[in-house]
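The values are calculated or read from the model by the stated rules, or taken from the named source; none is laboratory data. A quick note: this is a predicted structure, and the numbers were derived from the prediction, not measured. Reconstructed Cβ throughout: ideal geometry from the backbone, glycine too, with neighbour counts over all protein chains shown.
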Amino acid sequence: MHEYSILRALLDRVEAEAHARSASSVRRIRVSIGEFAGVEPELLRSAYTLLRERTICQDAELEIRAVKARWECPLCTRRIAPGEVLQCPECRTPARLASGDEIMLDQIAMEVP
Amino acid sequence: MCETCGCGDPELVSIDVHDRILAGNDRTAKHNREHFREHGVVAVNLMGSPGSGKTAVLEATARAVGERRRLAAISGDLATDRDAERLRAAGVPSIAITTGSACHLDAEMVHRALHDLAWRACDFLFIENVGNLVCPAVYDLGQAVNVVALSVTEGEDKPLKYPVMFRKADLVLLTKIDLLPHLPEISVAAIAGALARVMPRPAMLPLSVRSGEGLTRWLGWLEDTRAAGVSRTAVLERA
């Protein structure tokens, strides 16, 4: 249940950004969570419901963008399907995770007086 | 907008952040890593399920290494400091991090623990993470390498069920191989096959702390890691 500590880090960051701009409230938070990030979006959402109470994010919507895992050959960018051996079938180069390990805060929408 | 019309309503401002949510942890991990490099200490983040044999591997490592290398350990545990006690009994200076309900170690916990441990004089610092195949994979601690202990009794499909953990492993120690004669349904080749589907550079080392099989290769791997780290540092210092 590390989703709670990730959510805590998210709220701290959003609060700092809102404070720096003297925002009166936060309306929306956009995050990206990769399929291979080791973070369950649903658990993150329930942590948010619980922890946002009495914070500047109390009325803010949390938008979670799920990012699919994509493996590819770093040399020829050939795609390697999930579940396959993680090596380029052509040149045997170890595959690279091109996307899917994100735990990112993308955007905050806040009300500034 | 509202400044223009003068209605007095607050303005809605969108800020693009595009930063890792765990950026704070990453900064502390970087700080830990710099400490380790500066003192020539190889930090090994040892992860694995509860009961996969992490502490036993470290006890056996201490016995096999003898006086040749100095070891130290930080052990993460939910409720007890039993693992650290076992390691101290094996002659490894150790400190426990009791995480309470936290299912993983983070860089700040490790940093705090460093203040209470004579780690600078050691060659290898083992960070024995909380027994868990999910959460510890998410947090960088400042380690040089990730090692995952996977015991043969856990089944061939564990790598496929926990791809996030195994993707981050530099080495998988396949532990308790002395039990293989009692487990006809378990195939080491099948475990290696599963690892190749979750690790871009699959590296598996079968080990038994009971028979001692694989221990020499494990110590060799640690020495190779240390040599690679030392040469990297030397290159950086020359540059």
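Can you confirm whether segment A:29-39 contains a residue that is over 12 Å from the mean Cα position of the chain (by Cα) and either more than 14 Å from chain B (Cβ to nearest Cβ) or assigned to a strand (DSSP E or B) (or both)?
No; the residues of segment A:29-39 include none that is over 12 Å from the mean Cα position of the chain (by Cα) and either more than 14 Å from chain B (Cβ to nearest Cβ) or assigned to a strand (DSSP E or B) (or both).
Go through (1) within 14 Å of chain A (Cβ to nearest Cβ); (2) closer than 19 Å to B:K161 by Cβ; (3) under 18 Å from the mean Cα position of the chain (by Cα) one by one and return the number of the condition B:A190 breaks.
Of everything listed in (1) within 14 Å of chain A (Cβ to nearest Cβ); (2) closer than 19 Å to B:K161 by Cβ; (3) under 18 Å from the mean Cα position of the chain (by Cα), B:A190 misses just condition (3).
Taking the condition in a loop (DSSP other than H, G, I, E, B), modelled with pLDDT of 95 or more, under 27 Å from B:A72 (Cβ atoms) and not small (G, A, S), does B:D140 pass?
Yes; evaluated as a whole, the condition is true for this residue.
If I filter segment B:94-133 down to residues being assigned to a strand (DSSP E or B) and farther than 14 Å from B:D81 by Cα, which single residue comes out as farthest from the other protein chains (Cβ to nearest Cβ)?
That would be B:F124.
Answer yes or no: is there a residue in segment B:46-62 that is farther than 30 Å from A:R28 by Cβ, at pLDDT below 95 and within 14 Å of chain A (Cβ to nearest Cβ).
The answer is no; no qualifying residue exists.
Provide a single number: the residues in segment B:102-141 that are of a type in the set (G, A, S) and either in contact with a Cys (Cβ under 9 Å, 6 or more places away or on another chain) or within 18 Å of A:G38 (Cβ to Cβ) (or both).
The number of residues fulfilling the criteria is 4.
Answer yes if at least one residue in segment A:65-75 is of a type in the set (D, E), in a strand (DSSP E or B) and within 26 Å of B:L160 (Cα to Cα), and no otherwise.
Yes, the conditions are met somewhere in segment A:65-75.
What is the number of the single condition among (1) within 30 Å of B:H111 (Cβ to Cβ); (2) within 12 Å of chain A (Cβ to nearest Cβ); (3) of a type outside the set (F, W, Y) that B:L171 does not meet?
Just one mismatch for B:L171, condition (2).
Considering every residue within segment A:82-97, establish whether at least one is away from every other protein chain (no Cβ under 12 Å) and part of a strand (DSSP E or B).
no
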